[in-house]
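A short write-up of the structure that comes next.
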Amino acid sequence: MSTIILTQNAPAPIGPYSQAYMVGNTLYCSGQIALDAKTGEFLNGTIEEQTHKCCQNISEVLKAAGLGFENVVKTTCFLANMSDFAAFNSVYGEYFVSKPARSCVAVKELPKGGLVEIEIIAVK
C-alpha cells in the first residue's frame with residue numbers, strides 16, 4: 001500500500017512528481033531545493049543558506065509523514081560545485097545527526113540554478 005505525501009509547508013512539485021511517497025513503512029522523498037513554500041520563490045543565497053532551506057523543506061515533508069530526521073536512513077546529495085563540499089557538510093551535519101548512509105555527487109546543473117539538492121529515504 002502506498003500513499004502520496006503532500007504538505008503546503010514544503011514547496012509544491014514543479015513537475016509531474018510527488019513531494020514524497022510512503023510505501024509501507026518507507027518514505028521516498030523527492031529532491032528538495034531551496035524553494036520557499038509560501039512564495040514559490042527560489043532562495044538565491046550561499047551554499048549554507050540553500051542547504052538550510054533544503055533541510056527545512058525536508059523537515060516539513062518528514063513531519064507530514066509523521067517522521068523526523070532520526071528516521072532518515074539514506075540521503076542523496078547533489079552539489080553544483082564540489083568546492084562547496086565542506087560548507088555543505090557543516091550545515092548538513094546540523095540536521096542529519098543520526099548520520100544516515102549518503103551519496104554526494106557534483107552535477108553539471110540543478111533546477112533554478114541551485115547550488116544543492118537533497119533527496120532522502122526514511123523508515124518509520
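Quick notes on this structure:
- Of everything in segment 108-124 that is part of a strand (DSSP E or B) and under 13 Å from the mean Cα position of the chain (by Cα), the residue that is surrounded by the most Cβ atoms within 10 Å (Cβ to Cβ) is VAL116.
- Looking across THR39, THR46, THR26, one residue alone is free of Cβ contacts under 8 Å to residues at least 40 places away in the same chain and among the polar types (S, T, N, Q). It is THR39.
- When residues of segment 27-42 are limited to those that are among the hydrophobic types (A, V, I, L, M, F, W, C) and outside any loop (DSSP other than H, G, I, E, B), the one farthest from the chain's Cα centre (by Cα): PHE42
- Of residues in segment 53-80 being in contact with a helix residue (DSSP H, G or I) (Cβ under 9 Å, 6 or more places away or on another chain), outside any strand (DSSP E or B) and among the aliphatic types (A, V, I, L, M), the one surrounded by the most Cβ atoms within 10 Å (Cβ to Cβ): ILE58
- Any pair with Cβ under 8 angstrom, 6 or more apart, that starts in segment 65-85 at a residue that is over 19 Å from VAL116 (Cα atoms) and ends at one that is modelled with pLDDT of 95 or more and in a helix (DSSP H, G or I): GLY68/SER59; GLY68/LEU62; ASN71/LEU62
- Checking each residue in segment 44-61 for being over 11 Å from the mean Cα position of the chain (by Cα) and at pLDDT 95 or above picks out GLY45, THR46, ILE47, GLU48, GLU49.
- Residue in segment 15-24 that is closer than 18 Å to LYS112 by Cβ and touching a helix residue (DSSP H, G or I) at 6+ places or on another chain (Cβ under 7 Å) present: yes
- TYR92 meets each of the listed conditions (1) part of a helix (DSSP H, G or I); (2) over 14 Å from the mean Cα position of the chain (by Cα); (3) of a type in the set (Ser, Thr, Tyr) apart from (2).
- Among the residues making up segment 10-26, a single one is among the aliphatic types (A, V, I, L, M), modelled with pLDDT of 95 or more and part of a loop (DSSP other than H, G, I, E, B): ALA10.
- On the stretch given as segment 1-16, residues that are surrounded by 11 or more Cβ atoms within 10 Å (Cβ to Cβ) and over 16 Å from ILE121 (Cα atoms) total 7.
- Filter result (among the polar types (S, T, N, Q) and either crowded, with 16+ Cβ neighbours inside 10 Å or in contact (Cβ under 8 Å) with a residue 40 or more places away in the chain (or both)) within segment 90-107: SER90
The values are calculated or read from the model by the stated rules, or taken from the named source; none is laboratory data. This structure is a prediction, so every number in the text was calculated from the model and none was measured. Please note: Cβ atoms are built from the backbone with ideal geometry, for glycine as well, and neighbour counts cover all protein chains shown.
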